Amino acid sequence: MMLRVAGFLLVVFGLPSLGAAQSISTIWKARAIEAGKKLELLQAKLKKIPEGQWDSKEAKFARCEAMLESAYALHVAMEDVVHKVDGKVEVFHIVLSGGDEGAFDIAYLYSSPGTDLVATRIDKLTRGWQLFFLTPGSVQVNVPNSCVFNFELNRPFTASVLRNE
């Protein structure tokens with residue numbers, strides 16, 4: 001009985017404080033795991049699209065979503081490539097492949113140790129892709145005839161794919 005009460009108290013009172021103590025690396029890994037689950041759903045969705053409809057708006061949008069989720073999933077699959085610690089700065093990259101034209105790389109820099117986002121930078125821009133700074137604090141990446149991605153400069157986990165219609 002005492003163990004159940006202790007467990008209840010841990011759940012009710014202990015978990016919120018555990019979340020606050022998480023390292024930024026743990027938070028990025030959690031987003032990467034979520035991305036892996038989203039990728040599975042997107043792959044199933046794409047498999048259901050008939051071959052003749054592969055160029056439809058819905059198919060393009062799903063491929064763009066998969067591209068973004070793949071960039072987050074790299075934080076589990078290839079962490080050594082997309083996560084760097086340089087002195088007192090911890091850097092997390094979101095990298096979108098542009099095939100033979102290169103890659104787009106947006107980096108989020110945090111104080112280390114800590115969870116304070118101190119800067120965001122664009123490290124690479126794929127040839128032919130365009131950046132638009134339409135509102136303060138966000139950048140849109142236009143992949144001609146394909147995707148439009150929106151990145152919040154101060155909130156790295158809110159990146160999204162916009163409908164390109």
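Quick notes
- Taken together, Ile106, Ile49 contain a single residue that is at pLDDT below 90, among the β-branched types (Val, Ile, Thr) and within 29 Å of Leu162 (Cβ to Cβ), which is Ile49.
- Enumeration of residues in segment 145-165 that are modelled with pLDDT of 90 or more and not in a strand (DSSP E or B): Cys147, Leu153, Asn154, Arg155, Pro156, Phe157, Thr158, Ala159
- Hey, Val76 surrounded by fewer than 17 Cβ atoms within 10 Å (Cβ to Cβ), under 21 Å from Phe151 (Cα atoms), in contact with a Lys or Arg (Cβ under 8 Å, 6 or more places away or on another chain) and modelled with pLDDT under 95 or not: yes
Residue-wise test of (1) over 14 Å from the mean Cα position of the chain (by Cα); (2) more than 18 Å from Val91 (Cα to Cα).
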{"position": "Asp123", "(1), (2)": "yes, no"}
{"position": "Gln130", "(1), (2)": "yes, yes"}
{"position": "Phe151", "(1), (2)": "no, no"}
{"position": "Thr158", "(1), (2)": "no, no"}
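- Taking (1) assigned to a helix (DSSP H, G or I); (2) hydrophobic (A, V, I, L, M, F, W, C); (3) surrounded by 14 or more Cβ atoms within 10 Å (Cβ to Cβ) in turn, Phe104 satisfies each apart from (1).
- When each of Thr120, Thr126, Thr115 is tested for being in contact with a helix residue (DSSP H, G or I) (Cβ under 7 Å, 6 or more places away or on another chain), of a type in the set (Ser, Thr, Tyr), free of Cβ contacts under 8 Å to residues at least 40 places away in the same chain and surrounded by 13 or more Cβ atoms within 10 Å (Cβ to Cβ), the lone residue that passes is Thr126.
- Unmet requirement for Asp100, which otherwise passes all of (1) charged (D, E, K, R); (2) in contact (Cβ under 8 Å) with a residue 24 or more places away in the chain; (3) out of contact with any Lys or Arg (no Cβ under 7 Å at 6 or more places or on another chain): (2)
The values are calculated or read from the model by the stated rules, or taken from the named source; none is laboratory data. A quick note: this is a predicted structure, and the numbers were derived from the prediction, not measured. Virtual Cβ from ideal backbone geometry, glycine too; neighbours counted across all protein chains shown.
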